[in-house]
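Presented below is the structure to which this report refers.
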């Protein structure tokens with residue numbers, strides 16, 4: 001980002017920050033609680049940028065003063081000290097400038113939302129289903145590590161040996177989408193299946209889709225467009241399972257999308273959860289359609305599930321996990337599968353910020 005353009009934008013944001021402070025101090029505005037909340041939210045979003053911009057200006061002033069001192073100082077020892085200080089200040093100013101550029105990159109409005117995660121076994125049969133269960137555990141452990149995040153299963157389709165053909169669940173937590181959105185795509189596993197007697201390494205794939213949870217204000221669904229049927233749940237419960245039809249199958253007739261939910265004992269709760277999944281899918285469908293119409297490159301979240309398509313590989317014999325988007329490998333496979341994903345997510349976040357900065361330039 002050109003420095004002049006960056007400074008111009010920062011000046012405008014600083015002016016807006018001052019204006020918000022003035023508005024919130026206005027007695028008339030103070031009586032309008034909705035306006036106060038709106039201004040407080042906007043001010044909070046600007047606060048870090050304004051503070052770092054103030055730090056940047058201070059660093060510029062210190063650097064100019066040190067350059068001036070170097071020109072005027074005759075003592076060789078003091079000149080050397082000034083040069084060392086200039087080197088330090090230039091590095092500090094460069095780091096602050098980069099931070100400001102990152103803060104100026106438009107934020108993804110979906111980042112703060114809860115997410116709906118859909119995991120499906122792809123190529124590999126039973127082994128793919130078993131690894132789908134491993135990934136489900138990985139994401140639940142990751143959520144537990146965040147403190148305060150919760151996971152709730154919406155629907156599941158189990159295999160007979162402890163795996164999943166499909167599992168859909170919601171992750172609730174501040175900034176869940178901002179951290180988990182990079183998990184969308186094909187995950188490939190290379191290992192010796194427990195069912196393999198000859199000891200050969202098999203390759204299987206699992207598809208993951210991460211969708212932001214949206215409300216009915218963002219996506220309107222006409223009840224006339226829905227075909228809803230209920231049936232008895234096939235989930236766990238045995239003799240204590242409710243005999244009523246509490247499971248839901250929801251068909252959105254215009255799009256043909258089908259959602260099922262049987263995780264709750266209440267028919268109403270299952271309907272609400274099915275509707276949440278449907279809205280998330282419709283939102284993503286419309287978003288991708290708009291990207292296509294504006295000429296943006298469309299990248300499918302899950303692909304076809306073929307072995308050649310992959311965003312990440314989990315290689316058990318080498319104890320290695322490789323993310324192919326950023327060319328990064330970790331030799332801590334057990335830790336990754338136990339939810340230690342921050343290293344990968346941080347690298348992917350930085351990569352996205354870098355690409356968006358380049359696009360802005």
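For the reader, a short list of remarks on this structure follows.
- Residue within region 344-351 that is part of a loop (DSSP other than H, G, I, E, B) and either over 15 Å from the mean Cα position of the chain (by Cα) or over 21 Å from residue 98 (Cβ atoms) (or both) present: no
- Residue within region 56-64 that is in contact (Cβ under 8 Å) with a residue 40 or more places away in the chain and buried (at least 16 other Cβ atoms within 10 Å of the Cβ) present: yes
- Here residue 90 meets each of (1) in a helix (DSSP H, G or I); (2) under 30 Å from residue 284 (Cα atoms) with one exception, condition (2).
- Boolean, residue 85 is part of a helix (DSSP H, G or I), free of Cβ contacts under 8 Å to residues at least 40 places away in the same chain and touching a helix residue (DSSP H, G or I) at 6+ places or on another chain (Cβ under 9 Å): yes
- Positions within region 95-128 being outside any loop (DSSP other than H, G, I, E, B) and modelled with pLDDT of 90 or more, in sequence order: 95, 96, 115, 116, 117, 118, 119, 120, 121, 127, 128
- The criterion of at least 3 residues that are at pLDDT 90 or above, outside the structural domain of residue 159 (by TED's automatic domain parsing) and within 30 Å of residue 321 (Cβ to Cβ) is met by none of the strands (runs of 3 or more DSSP E) falling completely within region 183-287.
The values are calculated or read from the model by the stated rules, or taken from the named source; none is laboratory data. Keep in mind it's a predicted model, so treat the numbers as computed, not measured. All Cβ positions, even for glycine, are placed from backbone atoms using ideal geometry, and neighbour counts span all protein chains on display.
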